[in-house]
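For reference, the structure is listed below as structure tokens.
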Amino acid sequence: MDQHLENELIKSPEKSEISVCPGSPYPLGATYDGEGVNFSIFSENAMHVELCLFDSADDEFENIKIKIEEVTHNVWHVHVPGLKPGQLYGYRVYGPYQPHNGHRFNPAKLLSDPYAKAIAGDMKWDDALFGYEIGNGEQDLSLSETNSAPFMPKSIVIDGSYDWEGDKQLKIPYHDTIIYEAHVKGFTKLHPEIPEEIRGTYAALAHPVTINYLKDLGITTLELMPVHHFVSDWHLLEQGLSNYWGYNTLGFFAPDSRYSSSGIMGEQVNEFKDMVKELHKAGIEVILDVVYNHTAEGNHMGPTFSFKGIDNRSYYRLTKEDQRFYKDYTGTGNTMNVPLPFVLGLIMDSLRYWVTEMHVDGFRFDLASTLARTLHETDILSSFFSIIHQDPIISQVKLIAEPWDTGEEGYLVGKFPPGWAEWNDKYRDCLRDYWRGAESQLQEFALRFTGSPDLYKGDSRRPTASVNFITAHDGFTLHDLVSYNKKHNEGNGENNEDGEKENNSWNCGVEGPTDDPKIIALRNQQKRNFLTTLFLSQGVPMLIAGDEFGKTQHGNNNAYCQDNEISWLNWENADHELREFTRKVIHICKDHPTFRRRRWFQGLPIKGSGMDDVMWYLPNGTEMPEESWNHDFAKSLGVYFNGNGIRCVDYSGNRIKDDSFYIIFNAHHESLQYSLPSEQCGDGWKKIIDTSNGFIGEEEELFDPGSSIDVQARSVMVLKCPVN
């Protein structure tokens, strides 16, 4: 081991001496108290721990190294008087290097604080970042003695004070929520009306141009792809790519400095807070896509940045047969050891910090099934869910699960506990199949359109447990969904082997770009079909940024590594007609509680007979008989929503009434004549949406009950009867 890494205090030439106090084990992390900084870090298996202080982010070695003498319940702590916010630091942790026993301690490696509130800059990839010698025949069983400090981003002490000006969480009810999934950088990087110096940053999302756009579109809730400080994979950088999405976390408390326009030495924290505050002023919530299931350290051949060197056996799930290897339920190489109390505590502390100190309004949990795992199997009654349910802070914000992972029994759609919403991929797949004309049963379409009661109704959950989406960050954009049958991921450098192979897409006759006006018109019509169905469905709609104006990734359905024009929103080429159509259909959704019901339809929603809040019809105007629900060839149906049958009251206790609506879905390749419902459903109907020609408004013509109306092939028609 290098002599300069021996366990001793290294005196800075600028500081002849430094005094320390025992400090406190809590709170964990680095806490400035006005007189100095308290440092606290958990490690159950370490032999001793050193706090390393740096004067510059580029320092090769620490200027001061302090052996931490105090240990309380496996928490190492020290208070250093005189230190101030802006201080750079890290840790070196001593203990056995025994991979077969799960230990990977290596004091040659500078380690990032798991509780760091800010991290200075990006990783500088080098062999020194690995705990073993790269190229050694024993691979990770060897020990690297090379100092990693020159290449590691340093943790930063911050001053948590901030003037929130009375800001607090908005607490928009789920049934009033319109989610918009966006990437901090990609959303504004090419925006011509945003000042160039702040494009792609938190400040750009707080800019009036961004806020006015979101408000005009009708967005209530901005869901940001990962902003926790993350690492871009070395193999991607060597190919001229990068980890654009950010599902590769290093710091669970630190906003990523790459999205900061004001600086990387802690300024990113206040810039993030400024963004949240400005969005809140506009009535827009902020929820974060969070990745607590794994970290950036990979498998046994991965680097040592933090957790692996602090206490590998505690922080990660290891295989029982040989603790050299990691259980991988995430497809990333490792899995966080959530059942361990201190690891679970780290996650809870992080969530609570982002709510109380950063004022975010909720979270979307990546691969949330991993967090439900006990020893191996998934368990929705696990300690993770129990603690969240009992927590008076975390339980009161939006909690959205991606309800699957890559392991056995990991698919948990419809199985999360009350209080949680879920990404509903059954909705996505059903709607895609219906509109591409695949063999699918109308019964499932009706279930998905009415909030998926087969998934969520049985355990006291509401229709809003279903987060409905057609597209998301992973997969085709809406434009590509109607333009490509196959993925085209050659630019990712994996021979087009990455990304989902089955996309339930239809290119409308030609693969990719075309000049054929008929195909272009059909593709535009299909986009309108998807958007109309999405925003008129019961549940919580989620739109991915750019789908409202035709964003394309040129067939790439896994653009995780494309930090370039493939992923960034191209505002110059926006389809303004589609954007305006989307805006109007969102506002129809927001203006009418019929489409935002808090409660289920009465009885079985696919049974029309005897129900007065929802009825289902055949083209001839008769109610849908039982046998028609299971026909694979059936492509068309009508649904009646009774505005007098909402059976809810508003916040003042007044009964909610709305207009009644008749919605006709025709996925058939030919037009159909539809008979409108009898006068008991309404005394006259006005067309407000026709996706065949892009009409959205309110026609003057009044259609009589029982009259016939022509519904074009592959289209949606929506008619309204004013409330009596």
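At Asn630 and His48, where each label point lies 7 Å from the Cα along Cα→Cβ, what is the point-to-point distance in nanometres?
With each label placed 7 Å out from Cα toward Cβ, I get 7.4 nm.
Calculate how steeply helix 517-536 sits against the longest principal axis of the alpha-carbon atoms of the chain, using the helix alpha-carbon long axis, and give the answer as 0 to 90 degrees to the nearest 10.
The helix 517-536 is inclined about 80 degrees to the chain.
Would you mind getting the accessible area per residue of segment 180-318, heavy atoms of the protein chains only, 1.4 Å probe, in Å²?
With the other protein chains kept in place, segment 180-318 gives 25 Å² per residue.
For the peptides 694-707, 20-33, what is the packing order when you average, over each peptide's residues, the other Cβ atoms within 10 Å and list the highest mean first?
20-33, 694-707
What's the ranking of 573-581, 434-442 by average number of surrounding C-beta atoms within 10 Å, highest first?
Peptide ranking by packing, descending: 434-442, 573-581.
Going 7 Å from the Cα of Ala57 toward and past its Cβ, which residues in segment 184-208 have a backbone nitrogen under 17 Å from where you end up?
198, 201-203
Would you mind checking the tilt of helix 576-591 against the longest principal axis of the Cα atoms of the chain, expressed as 0 to 90 degrees and rounded to 10?
Rounded to the nearest ten degrees, it is 80.
When the accessible area of the chain is split by element with a 1.4 Å probe, what percent falls to carbon and sulfur?
Ligands and nucleic acids excluded, carbon and sulfur give 48 percent.
For Glu699 and Glu497, what is the calculated FRET efficiency with R₀ set at 51 Å and r taken between the beta-carbons, to the nearest 0.05? Intermediate results must be reported in sequence, preceding the final value.
Numbers: r = 50 Å, r/R0 = 0.99.
That gives a FRET efficiency of 0.50.
Could you order the peptides 79-88, 420-429 from most to least packed, using the average number of other C-beta atoms within 10 Å per residue?
Values: 79-88: 17.4, 420-429: 22.3.
Order by mean packing, descending: 420-429, 79-88.
Run the simple label-point estimate for Ala282 and Glu145 please: 7 Å along Cα→C-beta, distance reported in nm.
Going from the Ala282 label point to the Glu145 one covers 5.7 nm.
Any idea what angle helix 208-217 forms with the longest principal axis of the chain, computed on alpha-carbon atoms, 0 to 90 degrees, nearest 10?
Roughly 40 degrees, rounded to the nearest 10.
Please list the three semi-axes, largest first and in whole Å, of the ellipsoid equivalent to segment 151-267, using sqrt of 5 times the eigenvalues of its alpha carbon gyration tensor.
Its equivalent ellipsoid spans semi-axes of 26, 19, 16 Å.
Once both labels are modelled 7 Å past Cα along the beta-carbon direction, what's the Ser671-Val723 spacing in nm?
3.4 nm
What are the GluC sites (Glu not before Pro) within segment 154-235 that DSSP puts in a loop, where the Cβ has at most 11 other Cβ atoms within 10 Å?
Glu165
Work through the residues other than Ser675 whose Cβ is under 13 Å from its Cβ and net out their charges, Lys, Arg +1 and Asp, Glu -1. Don't skip to the end; give the middle numbers.
Details: positive: none; negative: Glu623, Glu679, Asp704, Asp710.
My count for the surroundings of Ser675 gives -4.
Holding the Cα-Cα limit at 24 Å, pick out from Lys117/Lys277; Lys84/Lys171; Lys657/Lys720; Lys277/Lys426; Lys65/Lys109; Lys281/Lys590 the pairs that are longer than that.
From the list (Lys117/Lys277; Lys84/Lys171; Lys657/Lys720; Lys277/Lys426; Lys65/Lys109; Lys281/Lys590), the Cα-Cα distance tops 24 Å for Lys84/Lys171; Lys277/Lys426.
The values are calculated or read from the model by the stated rules, or taken from the named source; none is laboratory data. In this text the structure is predicted, and so the values were computed from the model without any measurement. Virtual Cβ from ideal backbone geometry, glycine too; neighbours counted across all protein chains shown. All accessible areas refer to the heavy atoms of the entire protein, side chains included, with ligands and DNA or RNA removed. Shrake-Rupley method; radii C 1.70, N 1.55, O 1.52, S 1.80 Å.
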